[in-house]
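Read-outs throughout are calculated quantities, based only on the coordinates presented, and are distinct from any laboratory measurement. Please read all numbers here as calculations on a predicted model, not as lab measurements. Counting neighbours? That spans all protein chains shown, and the Cβs are built from the backbone with ideal geometry, glycine included.
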Amino acid sequence: MASTEIAVHAQLLDCLQANLAVLADRHHGSGTHLALGAALRFRPTAGTGELPTVEPSLADHLTDAGRFLGLLVKAQWQHVTPVRLADLSSRHGELYVVADAHDLPWTPYYGQLHLEHSFLVGSGPDGAMITDAYRNLTPWGNAVPGRWEVDWAELPTADHVVALTPTATVPSATPVVDMADPDHYLDAYARHADRVAALRQLTLETWLLVRSRRLHAGFLARSGTPATGEVEEHLRGWDQLAEQAYLAARRVERGRREPAGLLGRLGQALAADREVFACGTSPGQMRDTVAGIVAAALGTRTERVLAEPELTLLPGFDSMRLVAVVARLEDRLGVEFDPDDLLPENLHHLDGLCRLAAGSIGAMGEAA
């Protein structure tokens, strides 16, 4: 097997995003995959274990692929044997596959660790042509982006197989900050009786959070808002936090005392996310963000809204569309407007909506 370099920002992506990124750039152009960073999220779910997790599900990733990358699910299958996978590939072309990394011979996790892992597979001249853009350092060696040809029989039964089709154009992506209150999440990790299990999981959690924050910064830079010194310092703090979580887990695994302050630092980093990243880093970015959300609700272009900020003059603007504008702003920005602020002078002009959004984001930051 031989590997070759793949031109996506693999160091910013998790193992399910990485190969959606390859498809996005292939169909819509280099750098398209950075739109996966448009939404900066902290929305823990119950997951499948005892601890809450920020790890997105496959369904979440496929939703983001449609929303941000212009990749729609054409068909999908579960529990697909290698023989059937070969047949599906011959009929549908290259497929997106999720399987257990423990059974994938080109990964360092082979025979070592059970976890969901994605790859692309097509029919090669002598077997299955694998593309895997994932990059990571592991205790068993480095995962490096590459392409390999393997015998179909070397592949395990796949958990999920998805045929994706590109849209005609890439959807317009605007930055979104969607942050839940972290108190329950932090408390669950603080109170969990099995400290080894808690810190092992927290190592994964901080790793995912670091990558998603760096991906968001990458999206902002591609959208015209390069990282400021404040953003770079914040990201370095996230890197240090992930390193501290890893060291804490290894220390406790050896029977040593757990370092103090880790969860407090995590809470501080999450609170700082909203301040550092809220709708970009400038009033201009905020204006572009709100204009993009308004445009989507009105079925027009962002440029049209920016050129005519008096929204009542835009075609299609009426009371029903105004309700849709408010709902989209709250959903996309992760805020809840004060009902007393929902006045015509705040809602009929782009600048009023920007002030309303900025004030709500600031109030959430103070409450956190």
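Each of Val83, Leu34, Leu266 was placed along the dipole of the chain (beta-carbon charges, centred on the mean Cα), and the one lying farthest toward the positive end is Val83.
Projecting the Cα atoms of Val177, Tyr246, Ala221 onto the charge dipole of the chain, computed from C-beta unit charges around the Cα centre, puts Tyr246 farthest toward the positive end. Taken about its Cα centre, region 283-367 carries a charge dipole of about 380 debye when Lys and Arg each add +1 at the Cβ and Asp and Glu each add -1 at the Cβ. About its Cα centre, region 1-150 has a charge dipole of approximately 380 debye under the convention of +1 per Lys or Arg Cβ and -1 per Asp or Glu Cβ, with nothing else charged.
In a simple Cβ point-charge model (Lys, Arg +1; Asp, Glu -1; nothing else charged), the chain has a dipole of about 560 debye relative to its Cα centre. Taking the Cα centroid of region 118-172 and of region 209-223, what is the distance between the two, rounded to the nearest whole Å? If we compute the Cα centre of each part, the gap is 23 Å. Most tightly packed first, judged by the mean number of other beta-carbon atoms within 10 Å of their residues, the peptides 183-196, 214-227 read 214-227, 183-196. Peptide packing: for 291-299, 53-61, the average count of neighbouring Cβ atoms within 10 Å per residue gives the ranking 291-299, 53-61, highest mean first.
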